[in-house]
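Please read the structure below before turning to the comments.
The values are calculated or read from the model by the stated rules, or taken from the named source; none is laboratory data. The structure presented is a predicted model; accordingly, all values stated were derived computationally and were not measured. Every residue, glycine among them, receives a Cβ derived from its backbone with ideal geometry; neighbour counts consider all protein chains shown. Just so you know, the surface numbers come from the protein's heavy atoms only, side chains and all, with ligands and any DNA or RNA stripped out. Shrake-Rupley method; radii C 1.70, N 1.55, O 1.52, S 1.80 Å.
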Amino acid sequence: MNHTYVIIMAGGVGTRFWPFSRTSYPKQFHDVLGTGRTLLQQTADRFDGVCPSENIYIVTSSLYKDLCQQQLPALTDDQVLCEPIARNTAPCIAYACYKIAQKDPDANIIVAPADHIILKEEEFKRTIQTALDQTKEQNILVTLGIQPSRPDTGYGYIQYIPESEKVINKVKTFTEKPHLELAKQFMESGEFVWNAGIFVWNVKSIIQAFEAHLPEVAEIFAEGTGAYYTEHEKGFIDRAYSLTQSISIDNGIMEKAKNVYVVLSDFGWSDLGTWKSLYEVSDKNDDLNVIDGHIILYDTKNCIIKTPKDRLVVVNGLDGYIVAEYDNVLMICRKEEEQKVKNFVADARERGTEFV
């Protein structure tokens, strides 16, 4: 267990969750589910017993360092890795893995986003342990695949080669967010799972993968060896991020590598990327409404309504809507048209940065 590490990616803004998620206070720092713990705190809690607390690393924007340390006060400065600019997930993961490699060349690493929901915590831990057992001694890259419950076009898909006797299966292809007809075909084939964006590998394997598939990124972060865990780290990282390309770990490595495997998983997962996904995982009343706030409803059903608790909100006659208010912004939008939220954010930015 002392060689097990967790990297939590917590730098995103979560635009699709606007107006609740803002540049100054993204969704991972909110108590989205009303549990008393933010998404970031829940993610860190999830690894209690999986690795020592000193082996948990958060990669975030330098804008959110204070928020991370307020919400996870046990973390030292060395455990909060601050990105000066956003460069997608490959540089984020490279930074953390090269830093961990300097400390522990035998590290076995889990990478997880800060904004996912896991409803079956113990099953999640069992699945993670299965993956860790495989990566401990093997030169493989493991991703977790979620058994799809519907032909959803909002997720990436992993095609795997079924092997009934194996706890992990070799990955054949990755497909980013397919159109509906293709998603239906994937469901019918029985050979596809949703890409959860949660990864497990040992540090030697992932560094070899960076060297093979993203050599420029590998070279940049390898140069930091010796600077990590010192007062020179910040200056090095500022320079490194000005040089590195912006690319996802999926596009940069997972889709290219030949040693990628998937653990089939079923632990009540949602990536909580949108208002609709929050609606799907939340408790509903008899009219299938999800309510969070001081709210009176009349003839209203199939809605998600999240408003400040110090404001009385009365809603009449809505069916299938998002009603969300936070920090002087009120949004009312049909659930089925939530893809327009990014357009709303772009237009709101023209009114003033305080609204986004």
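Candidates GLN102, SER149, ALA74 compared by Cα position along the dipole of region 70-193: farthest toward the positive end lies SER149, with charges placed on Cβ.
From Cα pairs below 8 angstrom and at least 6 apart in sequence, can you work out the relative contact order of region 92-229, rounded to a whole percent? Once normalised by length, the contact order is 39 percent.
Working note: Karplus 6.51/-1.76/1.60 with θ = phi - 60° gives region 133-139 the couplings 4, 6, 7, 4, 10, 10, 8 Hz, where Gly and Pro are set to x.
Counting only residues at least eight positions apart within a chain, or on another chain, the lysines with an alpha carbon under 21 Å from that of LYS103 are LYS136, LYS204, LYS234.
Per-atom-type breakdown for the chain gives carbon and sulfur 48% of the accessible area (1.4 Å probe, protein chains only). Once the 1.4 Å probe is applied to the protein heavy atoms, the chain comes out at 46 Å² accessible per residue.
Dipole check for region 175-252: with +1 at the C-beta of Lys and Arg, -1 at the C-beta of Asp and Glu, and the Cα centre as origin, the magnitude is about 120 Debye. Taking the average, over residues, of other Cβ atoms within 10 Å as the packing measure, peptides 48-57, 332-341, 20-29, 151-160 rank 20-29, 151-160, 48-57, 332-341 from highest down.
Of the residues PHE221, PHE174, the one with the largest accessible area comes first in the ranking PHE174, PHE221, computed with a 1.4 Å probe on protein heavy atoms. Peptides 7-13, 132-138, 227-233, ordered by how many other C-beta atoms sit within 10 Å of their residues on average, highest first, read 7-13, 132-138, 227-233. Note on region 26-167: with charges restricted to the Cβ of Lys and Arg (+1) and Asp and Glu (-1), its dipole about the Cα centre is near 300 debye. So I have (i) 85, 56, 40; (ii) 60, 50, 36; (iii) 53, 51, 37, and one of them is Cα extents along the principal axes in Å calculated from this model. Which one is it? Of the listed options (i) 85, 56, 40; (ii) 60, 50, 36; (iii) 53, 51, 37, (ii) comes from this structure. Adding -39500 (n - 2.57) for every DSSP H run of four residues or longer, then dividing by how many residues the chain holds, sets the calculated 222 nm ellipticity at -8500 deg cm²/dmol. Compute the Cα gyration tensor for region 1-109, then decide on rounded, prolate or oblate, letting a ≥ b ≥ c be the square roots of its eigenvalues: rounded whenever a/c is under 1.5, prolate when a/b is larger than b/c in the other cases, and oblate in all that remain. Oblate.
Label positions at ASN285 and HIS3, each projected 7 Å from the Cα along the C-beta direction, are separated by 5.5 nm. Each Lys or Arg adds one and each Asp or Glu subtracts one; over the other residues with Cβ under 14 Å from the Cβ of LEU214, this totals -3. With R₀ fixed at 22 Å, the C-beta to C-beta distance from GLU123 to LYS166 puts the FRET efficiency at about 0.70. Working from Cα pairs under 8 Å separated by at least six residues, relative contact order for the chain is 20 percent.
A Cβ-based charge dipole, computed about the Cα centre of region 207-288 with Lys and Arg at +1 and Asp and Glu at -1, lands at about 240 debye.
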